[in-house]
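Beneath this line is the structure, given in structure tokens, with notes to follow.
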Amino acid sequence: MMHYFDGIDDKNKIRSVLCYLDSNKWVFYTKGEVKYFEDEKPYSARIKKNRFNRKMIIEYCNKLGCDITLDSFWKAKNKVFSIIRN
């Protein structure tokens, strides 16, 4: 299981927050300056898996004006393509 949030500004990653289960151990990681929409209190929870979760990602996105719980959020209005480099 992994919970991951990246903030990108002008193609540069400016903030990362992630919490994931690696084998049998939870890992919590942050990089970059804390943003105005973040709730830092859970980041210091004793149990790492409680530091960042799906509910927090939804709250962060809502504060940024994106309701990722709506199916319409995930549907493209224009043609979409991706390029994968190996």
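Cβ-Cβ below 9 Å, separation at least six or inter-chain, first residue in the stretch 1-30 and of a type in the set (K, R), second surrounded by 12 or more Cβ atoms within 10 Å (Cβ to Cβ) and not in a strand (DSSP E or B): which pairs?
Pairs found: R15/V34; R15/K35; R15/E38; K25/K48.
Test of understanding: among S44, S23, which residue is modelled with pLDDT of 95 or more, exposed (fewer than 12 other Cβ atoms within 10 Å of the Cβ) and hydroxyl-bearing (S, T, Y)?
Working: S23 fails: modelled with pLDDT of 95 or more.
Result of the check over S44, S23: S44.
With the checklist (1) in contact (Cβ under 8 Å) with a residue 24 or more places away in the chain; (2) loosely packed, with under 12 Cβ neighbours inside 10 Å; (3) of a type in the set (K, R) in hand, flag the one item R51 doesn't pass.
(2)
Just a yes or no: is a residue in the stretch 21-30 small (G, A, S) and in contact with a strand residue (DSSP E or B) (Cβ under 6 Å, 6 or more places away or on another chain)? Spell out how you get there, then give the answer.
Just the residues of the stretch 21-30 that are small (G, A, S), to begin with: 23.
Narrowing the set further to residues that are in contact with a strand residue (DSSP E or B) (Cβ under 6 Å, 6 or more places away or on another chain) leaves none.
Checked against the condition, which is being small (G, A, S) and in contact with a strand residue (DSSP E or B) (Cβ under 6 Å, 6 or more places away or on another chain), the stretch 21-30 yields no hits at all.
The values are calculated or read from the model by the stated rules, or taken from the named source; none is laboratory data. These figures come from a predicted structure and were not determined experimentally. Cβ: placed from backbone, ideal geometry, glycine included. Neighbour counts: every protein chain shown.
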